[in-house]
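The values are calculated or read from the model by the stated rules, or taken from the named source; none is laboratory data. Note that this is a predicted model, so its numbers are computed, not measured. Quick reminder, even Gly has a Cβ in these numbers, built from the backbone with ideal geometry, and neighbours come from all protein chains shown. With ligands, DNA and RNA removed, areas are computed over all heavy atoms of the protein, side chains included. Shrake-Rupley method; radii C 1.70, N 1.55, O 1.52, S 1.80 Å.
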Amino acid sequence: MSMKKVLPFAFLLLVFFVLSSFSAHTAFGGHTSAFVINPVSDTVSQNFTVYKTDVIATYYHDKFNGRKTSSGERFDNTKYTAAHKSLPFGTQVRVTNLTNGKYVDVTVNDRGPFSKKLEIDLTKKAFMEITGNKNYGTLKVKIEIIE
C-alpha cells in the first residue's frame, strides 16, 4: 500500500478516536444530568416566584381550536399556552402537578377560567404532559411565574 492511500485512512482513524473519547461527561464540566429547554422561550437558566399553590388546573376543550383568544391570538390546543383571570398576557408560568411533580411551562394568552374554584386553563397538550390520569380533567397544581 502506498503512503498516499494510508495517510487519509490514518487521519480519519485519528479523528474518530479523538471524537469518540470526547464524552458528554467531559464536555459539560462533569455534569451528566439532563435539562429541559422550555419550548416557549428556549431558555435554560430561569428564576421562579411562587404565585399560588394547591389550586386547580383544567384544560380547554377541542371546540375552542381556531377561535381567537382574549389576547387576539388564535387558540391552538397543541401549543403551550394558558388562560388566567389576571396574569398579564405574555406571562410565562410553570405549572407543577402536586401529585406527581411533573411540570410544564406555558405562556398566558387568554382570560379564564370563569369559575371561582378554578385557577388556570391549560391547553390539552400542556395538561396531558403533566397529568397522571388522562381520564380526569382537573389537577391540583402549583403555579410559579418564570422571570
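Which numbered condition in (1) modelled with pLDDT of 95 or more; (2) open to solvent by less than 90 Å² (accessible area, probe 1.4 Å); (3) more than 20 Å from the chain's Cα centre (by Cα) is the only one that M128 fails?
Among (1) modelled with pLDDT of 95 or more; (2) open to solvent by less than 90 Å² (accessible area, probe 1.4 Å); (3) more than 20 Å from the chain's Cα centre (by Cα), the lone unmet condition for M128 is (3).
Given K134, K142, K79, K117, which one is at pLDDT 95 or above, loosely packed, with under 14 Cβ neighbours inside 10 Å and out of contact with any Phe, Trp or Tyr (no Cβ under 8 Å at 6 or more places or on another chain)?
Values: K134 fails: at pLDDT 95 or above; K142 fails: loosely packed, with under 14 Cβ neighbours inside 10 Å; K79 fails: loosely packed, with under 14 Cβ neighbours inside 10 Å.
Criteria check complete, one pass: K117.
Does V18 satisfy the condition of being β-branched (V, I, T) and modelled with pLDDT of 55 or more?
Working: β-branched (V, I, T): yes; modelled with pLDDT of 55 or more: no.
The answer is no for V18.
Kindly indicate whether V104 is assigned to a strand (DSSP E or B), in contact with a His (Cβ under 7 Å, 6 or more places away or on another chain) and either within 24 Å of I145 (Cβ to Cβ) or modelled with pLDDT under 80 (or both). Full working, then the answer.
Numbers: assigned to a strand (DSSP E or B): yes; in contact with a His (Cβ under 7 Å, 6 or more places away or on another chain): no; either within 24 Å of I145 (Cβ to Cβ) or modelled with pLDDT under 80 (or both): yes.
Considered against the rule, which asks whether it is assigned to a strand (DSSP E or B), in contact with a His (Cβ under 7 Å, 6 or more places away or on another chain) and either within 24 Å of I145 (Cβ to Cβ) or modelled with pLDDT under 80 (or both), V104 comes out as no.
Can you find even one residue in the range 70-85 that is acidic (D, E) and in contact with a strand residue (DSSP E or B) (Cβ under 8 Å, 6 or more places away or on another chain)? If you could, list the steps in order and put the result at the bottom.
From the range 70-85, those acidic (D, E) are 73, 76; that's our starting set.
From what's left, in contact with a strand residue (DSSP E or B) (Cβ under 8 Å, 6 or more places away or on another chain): 73.
Scanning the range 70-85 turns up at least one residue that is acidic (D, E) and in contact with a strand residue (DSSP E or B) (Cβ under 8 Å, 6 or more places away or on another chain).
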